[in-house]
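Here the structure is laid out as structure tokens; the discussion comes afterwards.
The values are calculated or read from the model by the stated rules, or taken from the named source; none is laboratory data. Values in this document were obtained by computation on a predicted structure and should not be read as measured data. Every residue, glycine as well, gets a Cβ built from its backbone with ideal geometry; the counts of neighbours run over all protein chains shown. Accessible surface areas use protein heavy atoms only, side chains included; no ligands, DNA or RNA. Shrake-Rupley method; radii C 1.70, N 1.55, O 1.52, S 1.80 Å.
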Amino acid sequence: DLNEQLIRNKPATFFFRMKGDAMKDAGIFDNDVLIVDRSITVASGKVIVAVLNGELLIRRFHKNFSSAFLIPENPRYKNINLAEFSDFAIWGVVTYVIHAV
């Protein structure tokens, strides 16, 4: 059963459909299904779902001593310095990606 294999915390797990190509170099493509767990503690380097100015974004989270960034995995997109935004929240951590071949 895929639910048993892929979902650790059912009440905190959600499915998203990826829109766009900002994470293509990480193997996350347009129309992929993302499994997102809201109970996982966010750490630098994790792929997350973020809410930025009311918009959902899928990016890699990077935090150092003084700042935090959302990093795309496509050179067409720019890094987002979170210090420039007051309306930001981490929604959850992407645990699995499902895409058709």
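Within the chain, what's the longest run with no trypsin sites (Lys or Arg not before Pro) in a DSSP loop and at most 13 other beta-carbon atoms within 10 Å? Give the range, please. Longest gap between qualifying sites, sites excluded: 20-75. Near MET23, the amide H atoms lying under 5 Å from its own belong to GLU73; only residues 5 or more places off or on other chains count, and H is placed 1.01 Å from N. Over the chain, accessible surface divided per residue gives 64 Å², non-protein components excluded, 1.4 Å probe.
Would you compute, from DSSP H runs of 4+ residues alone, the mean residue ellipticity of the chain at 222 nm, taking -39500 (n - 2.57) per run and dividing by the full residue count, rounded to the nearest 500?
Details: 1 runs with 5 residues, N = 101.
So the helix-based figure for the chain works out to -1000 deg cm²/dmol.
Of the options [x] 1.07; [y] 1.00; [z] 1.32, only one is Cα Rg over 2.2 N^0.38 Å as computed from these coordinates, and that is [x]. Counting only chymotrypsin sites (Phe, Trp or Tyr not before Pro) that DSSP places in a loop and that have at most 13 other Cβ atoms within 10 Å, the longest clean stretch of the chain runs over 1-64. Candidates PHE69, VAL97, VAL51 compared by Cα position along the dipole of the chain: farthest toward the positive end lies PHE69, with charges placed on Cβ.
For the chain, what % of the accessible area comes from carbon and sulfur atoms, probe 1.4 Å?
Details: 3350 of 6430 Å².
After summing per-atom areas, the C and S share lands at 52 percent.
Charges were assigned to the Cβ only: +1 to each Lys and Arg, -1 to each Asp and Glu. The resulting dipole of the chain about its Cα centre is roughly 160 debye. Label zone of ALA100 (point 7 Å out along Cα→Cβ, amide N under 18 Å): in segment 14-36 this covers 16-21, 28-35. Within the same chain, aspartates and glutamates fewer than 8 places from LYS24 are excluded, and of the rest, those with a Cα less than 13 Å from its Cα are ASP32, GLU73.
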